[in-house]
Amino acid sequence: MLNFPSLLPTKIAMDKLKPRLRITPLGDGYVQREADGLNTLRHYFTVSFIGLSEIEKDSLINFVTERAGLEPFLWYHPGEKRYFQIICSEWQANLQHNYWTVVLRFEEDFNPV
């Protein structure tokens, strides 16, 4: 499995940590909740890189485009100080004042590789 390029992000927003549950309705408005599977907590991140050169922007965009949301990769989260297995589900690049901003949406992936 490949590692994400070693550029440090300018901003990391953990949009959500979403549990996957199985909910069974019972009588009188009661419900039974239980974890659905082994890896029930999935992290979602929005990662921004601001002030990039065109070469840096191209390396990020080419990396995620080659994987096309299908192939996971390892990404080191500098705040959490650990690696996550990630799928990049969406990305965009914008040019502002001769510098590039790249925004990537990461979704934690648990599939064996």
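The values are calculated or read from the model by the stated rules, or taken from the named source; none is laboratory data. Model, not experiment: these values are computed from the prediction. Because the Cβ atoms are built from the backbone with ideal geometry, glycine has one as well, and the counts that use them run over all protein chains shown.
All of Val113, Val103, Val64 fail the test of being in contact (Cβ under 8 Å) with a residue 40 or more places away in the chain and in a helix (DSSP H, G or I), apart from Val64. Within the range 67-95, the set of residues being without any contact (Cβ under 8 Å) to a residue 24 or more places away in the chain, on the phi < 0 side of the Ramachandran plot, among the aliphatic types (A, V, I, L, M) and surrounded by fewer than 16 Cβ atoms within 10 Å (Cβ to Cβ) comprises Leu70, Leu95. Scanning the range 67-99 for residues that are at pLDDT below 95, part of a strand (DSSP E or B) and more than 18 Å from Ser6 (Cα to Cα) yields Ser89, Gln96. Going by the structure shown, is Lys18 over 24 Å from Asn111 (Cβ atoms) and surrounded by 12 or more Cβ atoms within 10 Å (Cβ to Cβ)? No: the conditions fail for Lys18. With the structure loaded, tell me whether Arg42 is surrounded by 13 or more Cβ atoms within 10 Å (Cβ to Cβ) and either assigned to a strand (DSSP E or B) or of a type in the set (S, T, N, Q) (or both) or whether it fails that test. When the stated conditions are applied, Arg42 passes them.
Listed by first and then second residue, the pairs with beta-carbon distance under 9 Å, at least 6 apart or on different chains, first residue in the range 34-61 and in contact (Cβ under 8 Å) with a residue 60 or more places away in the chain, second of a type in the set (Val, Ile, Thr), are His43/Ile86; Phe45/Ile12; Phe45/Ile86; Thr46/Ile12; Thr46/Val103.
Within the range 90-113, the set of residues being basic (Lys, Arg) and under 13 Å from Ile50 (Cβ atoms) is empty. Within the range 6-24, the residues that satisfy the criterion of being within 19 Å of Lys57 (Cβ to Cβ) and either within 14 Å of the chain's Cα centre (by Cα) or of a type in the set (Val, Ile, Thr) (or both) are Pro9, Thr10, Lys11, Ile12.
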